[in-house]
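To start, I am sharing the structure in question, which I have written as structure tokens.
The values are calculated or read from the model by the stated rules, or taken from the named source; none is laboratory data. Since this is a predicted model, take the numbers as computed values, not measurements. Ideal geometry is used to build each Cβ from the backbone, glycine not excepted, and the neighbour counts take in all protein chains shown.
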Amino acid sequence: MILALLIVLLAAGGMIAGLCERVRKGSARWLALAILVAASLLLLGEVSAFPASDSGAGWWYELSLPWIPRFGIHFHLAMDGLSFSLLLLTLAMGIFGLLVTWNQVSDRRGFFYANYLWVLAGITGVFTAVDLFLFFFFWEVMLIPMLLLIAIWGYEGRTAAAIKFFIFTQASSLLMLVSIIALVFIHFRTTGEVTFGYQALLSTRIDPETAYWLMLGFFLAFTVKLPSIPFHPWLPDAHTQAPTAGSILLAAVLLKTGAYGLMRFTLPLFPEASQAFAPVAMTLGAISVVYGAVLAFAQSDMKRLVAYSSISHMGFVLLGVYAFNAIAMQGAVVQLFAHGLSTAALFALVGALQHRLHTRDMNRMGGLWEPLPKLSAFVLFFAVASLGLPGLGNFVAEFLVLLGSFGRSAPQAIIAALGMIGAALYALVMVQRSLFGPPSPRQEGSAHVGSPAAGGASAPPVDLSAREWLALLALALALLFIGLRPQPLMDSVAPALEKALADLPPAEAAVSARQSPGLGGGGKP
Amino acid sequence: MTIMELHAILPLLTLTGGIVCLMLQVAFFRSHGAALGTTLVVLLLAICASLLVAAGLGNGIPSVQATALLLVDRQALLLCTLLLLAGVAVAILGRSYLRSRAIIPSATDHPEAFYILLLLCLLGACTLACASHFASFFLALELVGLSLYPLLGFPLTGNGFAAQEREPAMESAIKYLLLSALTSALGLFGIALVYGATGALEFAAVAAAIEGPAAASGLMQAGVTLVLAAMAFKLSLVPFHIWTPDVYQGAPTPVTALIATVSKAAAVAILLRLLTLSGLGEETITTSLLTVLAVASILGGNLLALMQDDVKRLLAYSSIAHIGYLAVALLIDGAFGGEAALYYLIAYIVTTLGAFATVSLVADEAVTDVDRHNAAGMDPCAGTYFAGLFWRAPLLGGCFAAMLLSLAGIPLTIGFIGKFYIFAAGIEGELWLVISAVIVGSALGLFYYLRLLLALFRRDHQRAAANGTARQVSLDGQLLLLVLSVTLLALGVFPQPLINWLHALYT
């Protein structure tokens, strides 16, 4: 019940926030904040009251109502450790995005916050739906408010970026829809039962060739969202053109739905086919790591740099998921969180810089440390987190992924490890070009732009406010916590990952499943 | 003809009687409002009659054969109800259209004729839905066509219409007349060939003859091809689509809505019946022709729509693609194909009506506002006129956005469930080629739907402030849009009741 309540709260809250802005200016963001906090408390309260003893057995909560009985479609929501931690990330990032962009949205605020909450409602649905039709429903529905966020409040090239984003994700998900329906038909022919239920479909017997094709449909939809090379072209544009809050949601949460889909659906539904496809997927992941890093290095637009670094980071996720052992898989999950936190913070910082300097071009920055010490310190912190400094979350994640995948397929792991050198390069270059060096180009730049809001070239930009500072500090601490003590996170998602790996040919899964608790701590410095 | 047969065709009789009454009324009492009132009453009575007959059917009597010409079953009655409801919407749009153009009332304006022609068109469409004989099939098809010619050219009748509306309307009417006459002749020739091959005109008798050697004969195959070509013209499937964009663009927008929904729904209805009753659906020639038509329409319609700026032309090409999607469901024989086709048809009608209703109401507002806001004489159907519509008229913009999302097949809307049905039908029949065409077509379609959708939300458009608001949009027009949007969302989120109805038709 709580899951449905959560979705309804967010969806209805969006509508109410939109209407409230008409009555009283400035009320929408307060209302949105209140709703997000209420939703988080609701989730945490319910889970802490729940007896943790049998959490390993299956779903923590379930709600199943008949929706379209003609096709055996149920409004079926359920939650386990993986869903719960991703939900928590979703809500936390929702609050973070709201706080750091508190004053940045000035135009049509009511509709903005309505869309903001609707995206979160859709994502909540994606993370909890265990009926394939319902999952697809939320998968599509979350895109529409995101599309509007980019297209209405984005930067200069917003319309093209929004259309590109939507066509990439929609076209690939149509392939998934075909796969879903084909899977249901096969299930119907063998058992005589029409159902879209996840549990029922898990047991479907499919001949290997068909399974391979169906698996590809799912894989495409999820890797476009992830994104992995060669399905990434939508991401740099969408991230760069989206408003700051939109970029945060995209990077921190929306990309995670792709990885979640791979772990929850592709692997368990088609274990043999995934196994056969693993070399290709791991190669794609490894190439993404290097490719994202190389392209990030070549950018002068700071936001684009962060966007390309996302491709690189998500390459590790793909590599880890398809290594088919518990270590790499847990590394992939930790990477989801570490990347979510660090990239969201970097997008927030770029947004804050753009709000102050009216440019994202690093050629026009430089020497920012002096006027903006707090902001610059945070840029430095999250940049080194992004390059995988030991002690922070990203290091644990990438280390685990490399460790797990090396045993499975060494060449891909080696290539991906090379990508980490690239990460060091682009992160340090970004810090070097924006924070240090001579400050002069920026002043000229802003004088040329002549933006009246900045108060001319002479007025120094304002440093972080207490609100922004606290929000960023919370993220930094969370990242540090994951880096020093990843075990609680890994424990909570372990049962779900074991289920994902359970159907694999026994020799591979059995070895790795036992090792995870001991090696999890190995990531600690 | 027994009482039971007369009772079965009650909807058609109601319509016929209503048309006579309306003509008499207009002869004695000229009033736009009264004519509209009578039309609506007739339509509502006919809808009630359909439901009454449908309630009587079912317990033991699945269908009533009223003479050799008409077969009344639940599917036909459901389609009649649907057509009549679409007729109600067109009548409401027509009122707004005629009102906004009758700036100077004069004796030479005859707006009442619009409603008589509308009812005639609906009578033809409903008859088509019930036809079970090639004679009634052809007569009904011609009745629809004959009433559409004057409707398409309606701006030529009065002097309230601006010159820039008369010329396209003339073009539209002439084009439709010529091409429609040509394909009618082809269809008639096809019917003659089928008769030559089988010796029968009743669908059921054709089915019996097809079992024998007649099916393989060249005569039969040529006949079927010609009949299908005539239907493809009415459905504007590629390559018989040439007339569509020009006719849609030039016609008064309510009539465009009529031709896009009622005329096509009637054609789908008779095609469904033709394929099942006469056993043609299982012939290779039919399925291969339909496959080619479907794939060509999906790809052609979507590709051509990419280049359109005029909203009516864009919707014209998109309707070509949508009928292509629908044809996929016709390829599946058996109950599921019929169910899928009907659901998609309902989705198509609701969405298309809503889209054209918005275009029509926006254009009506622009015509009324011509002195104050639209002095530049901007074409109210151009894509640029719609920029920022959501901000200056939230209701119109919001409803139009919902319609576009439904056309694109995004969840929460009825269009998604329709597309789901098409995919399910294609997968059941294992028509992988056709399915890949549907996927490619949908991806192409997204591009132009989204471009228009995002234009609605464009916030920095200079004209946004200069343009009028929704003040001028009539209350009944707004209400109609609201009803259509609510239907679209309700059937998109809770499709089960409608699915139950459709499913019951075939069990």
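Restricting to the stretch A:247-275, give me the number of residues that are hydroxyl-bearing (Ser, Thr, Tyr) and closer than 16 Å to A:GLY331 by Cα.
1
Hey, another quick one. Quick one: which residue in A:GLY18, A:GLY94 is at pLDDT below 90, buried (at least 16 other Cβ atoms within 10 Å of the Cβ) and touching a helix residue (DSSP H, G or I) at 6+ places or on another chain (Cβ under 7 Å)?
A:GLY18
Are any of the residues in the stretch B:401-408 assigned to a helix (DSSP H, G or I), more than 8 Å from chain A (Cβ to nearest Cβ), at pLDDT 90 or above and more than 17 Å from B:ILE346 (Cα to Cα)?
Looking through the stretch B:401-408, at least one residue is assigned to a helix (DSSP H, G or I), more than 8 Å from chain A (Cβ to nearest Cβ), at pLDDT 90 or above and more than 17 Å from B:ILE346 (Cα to Cα).
When the stretch A:95-113 is examined, which residues are found to be more than 12 Å from chain B (Cβ to nearest Cβ) and not in a loop (DSSP other than H, G, I, E, B)?
A:ILE95, A:PHE96, A:GLY97, A:LEU98, A:LEU99, A:VAL100, A:ARG109, A:TYR113
Sort out which residues of the stretch A:357-375 are more than 25 Å from A:GLY157 (Cβ to Cβ) and either free of Cβ contacts under 8 Å to residues at least 60 places away in the same chain or among the charged types (D, E, K, R) (or both), and write them in order of number.
The answer is A:GLU370, A:LYS374.
State whether the residues of the stretch A:156-167 include one that is farther than 25 Å from A:SER228 by Cβ, surrounded by 23 or more Cβ atoms within 10 Å (Cβ to Cβ), modelled with pLDDT of 90 or more and facing chain B (nearest Cβ under 10 Å).
no
Test A:LEU148 against the stated conditions and say whether it is at the interface with chain B (Cβ under 9 Å from one of its Cβ atoms) and either not in a helix (DSSP H, G or I) or not hydroxyl-bearing (Ser, Thr, Tyr) (or both).
yes
Would you be able to say whether some residue in the stretch B:314-333 is of a type outside the set (Asp, Glu), farther than 21 Å from B:ALA443 by Cα, surrounded by fewer than 20 Cβ atoms within 10 Å (Cβ to Cβ) and at pLDDT below 90?
Scanning the stretch B:314-333, I find no residue that is of a type outside the set (Asp, Glu), farther than 21 Å from B:ALA443 by Cα, surrounded by fewer than 20 Cβ atoms within 10 Å (Cβ to Cβ) and at pLDDT below 90, so the answer is no.
Turning to a different aspect of this structure: Scanning for something out of contact with any helix residue (DSSP H, G or I) (no Cβ under 8 Å at 6 or more places or on another chain), small (Gly, Ala, Ser) and at pLDDT 90 or above, does the stretch A:30-44 turn up at least one residue?
Within the stretch A:30-44, one or more residues are out of contact with any helix residue (DSSP H, G or I) (no Cβ under 8 Å at 6 or more places or on another chain), small (Gly, Ala, Ser) and at pLDDT 90 or above.
While we're looking at this one, here's another question. Taking interchain pairs and intrachain pairs at least six residues apart, which have beta carbon atoms under 9 angstrom, with the first residue in the stretch B:440-461 and more than 7 Å from chain A (Cβ to nearest Cβ) and within 21 Å of B:LEU299 (Cα to Cα) and the second part of a helix (DSSP H, G or I) and basic (Lys, Arg)?
Nothing qualifies.
What helices (runs of 4 or more DSSP H) lie completely within the stretch A:182-248 and have 3 or more residues being closer than 16 Å to A:ALA259 by Cα?
Fully inside the stretch A:182-248 and qualifying: A:208-225.
Ok, one more. If B:GLN308 meets every condition in (1) outside any helix (DSSP H, G or I); (2) buried (at least 24 other Cβ atoms within 10 Å of the Cβ) apart from one, which number is that one?
The number of the failed condition is (2).
Here is a further query. Filtering the stretch A:455-513 down to residues that are small (Gly, Ala, Ser) and part of a loop (DSSP other than H, G, I, E, B), which residue is modelled with the highest pLDDT?
A:SER465
Filter the stretch A:124-145 down to the residues that are away from chain B (no Cβ under 11 Å) and either outside any helix (DSSP H, G or I) or aliphatic (A, V, I, L, M) (or both) and list them by number.
Across the stretch A:124-145, the qualifying residues are A:VAL126, A:ALA129, A:VAL130, A:ASP131, A:LEU132.
Next up: Return yes or no: is B:PHE390 at pLDDT below 90, buried (at least 20 other Cβ atoms within 10 Å of the Cβ), not in a loop (DSSP other than H, G, I, E, B) and not β-branched (Val, Ile, Thr)?
Criteria met by B:PHE390.
Sticking with this one: If I ask for residues that are in a helix (DSSP H, G or I) and either surrounded by fewer than 24 Cβ atoms within 10 Å (Cβ to Cβ) or small (Gly, Ala, Ser) (or both), which ones from the stretch A:379-394 would you list?
Scanning the stretch A:379-394 gives A:LEU380, A:PHE381, A:ALA383, A:VAL384, A:ALA385, A:SER386, A:GLY393.
Scan the stretch A:258-274 and give yes if some residue there is within 14 Å of another protein chain (Cβ to nearest Cβ), polar (S, T, N, Q) and in contact with a helix residue (DSSP H, G or I) (Cβ under 9 Å, 6 or more places away or on another chain), otherwise no.
No, the stretch A:258-274 contains no residue that is within 14 Å of another protein chain (Cβ to nearest Cβ), polar (S, T, N, Q) and in contact with a helix residue (DSSP H, G or I) (Cβ under 9 Å, 6 or more places away or on another chain).
Restricted to the stretch B:416-425, and to residues that are facing chain A (nearest Cβ under 8 Å) and touching a residue at least 40 places away in the same chain (Cβ under 8 Å), which residue is farthest from B:THR351 (Cα to Cα)?
If we take residues in the stretch B:416-425 being facing chain A (nearest Cβ under 8 Å) and touching a residue at least 40 places away in the same chain (Cβ under 8 Å), then B:ALA424 is farthest from B:THR351 (Cα to Cα).
Within the stretch A:186-196, is even one residue under 30 Å from the mean Cα position of the chain (by Cα), β-branched (Val, Ile, Thr) and crowded, with 24+ Cβ neighbours inside 10 Å?
Taking every residue of the stretch A:186-196 in turn, none turns out to be under 30 Å from the mean Cα position of the chain (by Cα), β-branched (Val, Ile, Thr) and crowded, with 24+ Cβ neighbours inside 10 Å.
Next up: Are any of the residues in the stretch B:222-238 within 24 Å of B:LEU118 (Cα to Cα) and β-branched (Val, Ile, Thr)?
So far as the stretch B:222-238 goes, no, none of its residues is within 24 Å of B:LEU118 (Cα to Cα) and β-branched (Val, Ile, Thr).
Only one residue in B:LEU258, B:LEU299, B:LEU304, B:LEU277 is more than 30 Å from B:ALA162 (Cβ to Cβ) and modelled with pLDDT of 90 or more. Which one?
Testing whether each residue is more than 30 Å from B:ALA162 (Cβ to Cβ) and modelled with pLDDT of 90 or more leaves just B:LEU299.
Separate question: Restricting attention to the stretch B:294-305, which residues are under 14 Å from B:PHE240 (Cβ atoms) and surrounded by 24 or more Cβ atoms within 10 Å (Cβ to Cβ)?
B:ALA294, B:SER297, B:GLY301, listed by residue number.
I've got another one for you. Can you run down the residue pairs with Cβ atoms below 7 Å, 6 or more apart or on separate chains, where the first is in the stretch B:485-507 and within 10 Å of another protein chain (Cβ to nearest Cβ) and surrounded by 15 or more Cβ atoms within 10 Å (Cβ to Cβ) and the partner is in a helix (DSSP H, G or I) and modelled with pLDDT under 90?
Pairs that qualify, where the first residue is within 10 Å of another protein chain (Cβ to nearest Cβ) and surrounded by 15 or more Cβ atoms within 10 Å (Cβ to Cβ) and the partner is in a helix (DSSP H, G or I) and modelled with pLDDT under 90, are B:GLN496/A:PRO69; B:GLN496/A:ARG70; B:ILE499/A:ARG70; B:HIS503/A:ARG70.
I would also like to ask the following. Exactly one of these conditions fails for A:MET176: (1) farther than 30 Å from A:VAL105 by Cα; (2) facing chain B (nearest Cβ under 9 Å); (3) buried (at least 23 other Cβ atoms within 10 Å of the Cβ). Give me its number.
Status for A:MET176: all satisfied but (2).
Of all residues being at the interface with chain A (Cβ under 7 Å from one of its Cβ atoms) and crowded, with 20+ Cβ neighbours inside 10 Å in the stretch B:426-438, which is farthest from A:ALA182 (Cα to Cα)? Just the residue, please.
Looking at residues that are at the interface with chain A (Cβ under 7 Å from one of its Cβ atoms) and crowded, with 20+ Cβ neighbours inside 10 Å, I get B:ILE435.
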